[in-house]
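The values are calculated or read from the model by the stated rules, or taken from the named source; none is laboratory data. Bear in mind the structure is a predicted one, so any value in this text is a computation, not a measurement. FYI the Cβ positions are ideal-geometry reconstructions off the backbone, even for glycines, and counts take in every protein chain you see.
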Amino acid sequence: MSVQPIISILEKLEKMHRSLLELAHKKTELVKKGDMDGLDSIIKNEQSHVAAIEVLEKQRLQTVTDYLRAKGIALVDFPTVAQVIEAAPNEEERQKLNSLREALLLVIEELRKQNELNQQLVFQSLKFVNMSLDMMRPQPEQINYSGNQGNGQQNSVKKSMFDSQA
């Protein structure tokens with residue numbers, strides 16, 4: 001069995017992850033602008049990318065498993081490309097597999113960092129929205145001692161965020 005199908009799948013995986021990384025960069029800009037419609041569109045596009053990556057990953061796992069079995073190598077729970085690199089018959093294939101593996105790992109790391117940045121931006125946006133809402137809500141009156149309350153009279157009126165008579 002040849003390593004060419006594994007190489008092909010790794011190339012597709014790298015391409016899909018690069019595309020997903022581009023979407024993550026676009027998402028950063030949309031979060032900064034506050035473009036909710038654009039953000040919704042990007043998220044739907046990301047979901048289709050993730051689904052395609054899952055399919056490719058299953059293919060990679062099956063192909064690597066088949067390759068290692070054909071070579072008579074004992075399998076662990078999740079066969080890896082590193083095991084294929086060790087079992088590759090010639091140096092050229094090992095180098096190709098290794099360079100694809102490294103490139104894919106780099107793209108995944110960049111994607112992880114970009115997603116962390118996006119998560120922080122969304123969190124900051126939510127904090128700002130909550131702070132703005134808190135500023136618009138009526139604040140309860142200060143509870144302190146006054147002459148009226150000491151006489152058993154309570155003039156406090158509870159304020160609500162919602163108008164019950166609307």
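Among the candidates 110, 92, the residue that is assigned to a helix (DSSP H, G or I) and closer than 27 Å to residue 20 by Cα is uniquely 110. Residues of segment 63-112 that are among the charged types (D, E, K, R), closer than 17 Å to residue 7 by Cα and in contact with a Leu (Cβ under 8 Å, 6 or more places away or on another chain): 101 alone.
When 111, 121, 100, 117 are checked against the criterion of being in contact (Cβ under 8 Å) with a residue 24 or more places away in the chain and more than 30 Å from residue 32 (Cα to Cα), a single residue qualifies: 100. Do you know which of the residues in segment 15-49 that are more than 17 Å from residue 125 (Cβ to Cβ), without any contact (Cβ under 8 Å) to a residue 24 or more places away in the chain and basic (Lys, Arg) is surrounded by the most Cβ atoms within 10 Å (Cβ to Cβ)? Residue satisfying both the conditions and the ranking: 15.
A quick yes/no check of all residues on (1) at pLDDT below 95; (2) touching a helix residue (DSSP H, G or I) at 6+ places or on another chain (Cβ under 8 Å):
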{"position": "12", "(1), (2)": "no, yes"}
{"position": "17", "(1), (2)": "no, yes"}
{"position": "27", "(1), (2)": "yes, yes"}
{"position": "30", "(1), (2)": "yes, yes"}
{"position": "48", "(1), (2)": "no, no"}
{"position": "51", "(1), (2)": "no, no"}
{"position": "73", "(1), (2)": "yes, yes"}
